[in-house]
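J.: Structure below; questions to follow.
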Amino acid sequence: MIQHDIISKNISHIILISSYLIGQSTSGLNSDRLSSLMGIDLKDKTFNELEKIVVELGQQKYLAGYIFQFIHVKDVSEIPDITPLSKVFRTRLAERDYFISKIKTLEKQVDKDKTAKYLFELHDNEKIESVLLHDGRRNTLCVSTQAGCNMNCEFCATGKIKFKRNLSAGEIADQVITVEADAGKITNLVYMGMGEPLLNYENVIKSVEILNHKEGKNIGIRHITISTCGIVPMIEKLADEELHPRLAISLNAPEDALRSRIMPINNKYPLDKLIKAVQNYQNKTDQRVTFEYVMIKDLNDSARHAQMLIKLVRNISCNINLIELNPHPACIYKGSGSAAMKKFASMLNEANIETVIRFRMGREINAACGQLGADWLKKAKDSGSNGK
Ligand code: SF4
């Protein structure tokens, strides 16, 4: 009976959404608007929010724990399957338009090095990717935070895909839930997939709270990294949050002229402002910061660039990841090659800056940093469209 009620409710939601979408393209719709059309997604709620919902519905507070665990640990996506709740309560949740969202796995590709790329479809047919990297005992999942991205970094395939919308906290958390159910415990999380996390600030922070919660995935806050291209006011806001994930800055150039050329966000938030925001984050959180530096042949890989980089980060406790450029159909640049990368790294190491070279993982399946969406771009290119 409960199941039947939910099915008929979902059908009416689908009709409602369809009629809405016929009149308006999904472009520019945000996740909250779509979510309000579908009902209230329990996966999108923090533990504390669930407690409030449960109490408002006249139930005992502790029942929120069952809802949270069944969604985030047992990967349940139907309210009737949360069996510790009474039938009456489950029916009431469905009657009040509560539901549990579920992203759909369209494809999984696995590289020789075991890197796995997942293609997911969201409820409004938007597509996103997540990448699972195996590194010794660590399983690191790289999650997307937006469908598309409007930051337009020149070397990045995702930047060529038009921004569609922000992901909800539930959709971000669901990438972890779904991959973990398929591939085992996720130990580390990086917000480094499609999209700029700090432009979807509220949902990203909420997802961190959900994924860090001890009753759910319980991923340690020091094992969660948010990577940004440099949205300065949001880095400052992040420094004042209760939870402090690790911060990574996608730097890629040590001087303004070059950085503005390959990362247009630098025109708005140039390096002096970015570095000040990073120092502020470090002062408030006492955390080491990571700078990511994609190495591009004859563009940012000379000894002069290494010297400038050393000068730029000298007052920050940091490590630098040198990343091999990942070619994709829309990229005009070439990677620096391993000899140039090693030379660059040795200059940084000599200046006592901890530096790691990250060669491409998942190269056979276009799963490396800056490549997400590269498959769609290639298909769009082959079919003569511009990928947007
Ligand atoms: S590097 Fe990140 S911020 Fe820049 S276009 Fe790609 S996804 Fe967007």
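The values are calculated or read from the model by the stated rules, or taken from the named source; none is laboratory data. The model shown is predicted, which means the values in this text are computed figures rather than measured ones. Note that each Cβ is placed from the backbone with ideal geometry, even for glycine, and that neighbours are counted across all protein chains shown.
J.: For residue 315, all conditions in the list (1) out of contact with any strand residue (DSSP E or B) (no Cβ under 6 Å at 6 or more places or on another chain); (2) modelled with pLDDT of 90 or more; (3) within 16 Å of the ligand (Cβ to nearest atom) hold save one; what is the number of the exception?
T.: (3)
J.: Would you mind stating whether residue 108 is under 30 Å from residue 80 (Cα atoms), within 16 Å of the ligand (Cβ to nearest atom) and surrounded by fewer than 21 Cβ atoms within 10 Å (Cβ to Cβ)?
T.: Considered against the rule, which asks whether it is under 30 Å from residue 80 (Cα atoms), within 16 Å of the ligand (Cβ to nearest atom) and surrounded by fewer than 21 Cβ atoms within 10 Å (Cβ to Cβ), residue 108 comes out as no.
J.: Okay, next question. Being among the hydrophobic types (A, V, I, L, M, F, W, C) and either touching a Gly at 6+ places or on another chain (Cβ under 8 Å) or away from the ligand (no atom under 16 Å from the Cβ) (or both) is the filter; apply it to region 205-237 and report the residue that is farthest from residue 181 (Cα to Cα).
T.: Ranking the candidates gives 205 first.
J.: Which of the residues that make up region 121-176 are of a type in the set (Val, Ile, Thr), touching a residue at least 40 places away in the same chain (Cβ under 8 Å) and either within 16 Å of the ligand (Cβ to nearest atom) or surrounded by fewer than 21 Cβ atoms within 10 Å (Cβ to Cβ) (or both)?
T.: 128, 131, 140, 143, 145, 158, 161
J.: Shifting gears a bit: Give 252, 280 a once-over and let me know the one that is of a type outside the set (A, V, I, L, M, F, W, C) and farther than 26 Å from residue 140 by Cα.
T.: 280
J.: Right, next: May I ask you to verify whether residue 244 is more than 16 Å from the ligand (Cβ to nearest atom) and in contact (Cβ under 8 Å) with a residue 40 or more places away in the chain?
T.: Yes.
J.: Looking at 93, 85 in this structure, which one is assigned to a helix (DSSP H, G or I), over 18 Å from the mean Cα position of the chain (by Cα) and either at pLDDT below 95 or not assigned by TED's automatic domain parsing to the domain that holds residue 178 (or both)?
T.: None of the others qualify; the one that does is 93.
J.: Any idea which of 274, 258 is in the same structural domain as residue 160 (by TED's automatic domain parsing), in a helix (DSSP H, G or I) and more than 23 Å from the chain's Cα centre (by Cα)?
T.: Of 274, 258, the one residue that is in the same structural domain as residue 160 (by TED's automatic domain parsing), in a helix (DSSP H, G or I) and more than 23 Å from the chain's Cα centre (by Cα) is 258.
J.: I would also like to ask the following. When you check residue 196 against the structure, is it of a type in the set (Asp, Glu), within 9 Å of the ligand (Cβ to nearest atom) and assigned by TED's automatic domain parsing to the domain that holds residue 218, yes or no?
T.: When the stated conditions are applied, residue 196 passes them.
J.: Of all residues in region 259-277, which are away from the ligand (no atom under 14 Å from the Cβ) and out of contact with any helix residue (DSSP H, G or I) (no Cβ under 7 Å at 6 or more places or on another chain)?
T.: Residues satisfying the conditions are 272, 276.
J.: Follow-up question, since we're still on this one. Is it the case, given these coordinates, that residue 189 is away from the ligand (no atom under 16 Å from the Cβ), assigned to a strand (DSSP E or B) and farther than 25 Å from residue 218 by Cβ?
T.: The answer is no for residue 189.
J.: Next up: Kindly check whether there is at least one residue in region 80-95 that is within 25 Å of residue 205 (Cβ to Cβ), surrounded by fewer than 19 Cβ atoms within 10 Å (Cβ to Cβ), away from the ligand (no atom under 16 Å from the Cβ) and of a type outside the set (S, T, N, Q).
T.: No - not one qualifying residue is present in region 80-95.
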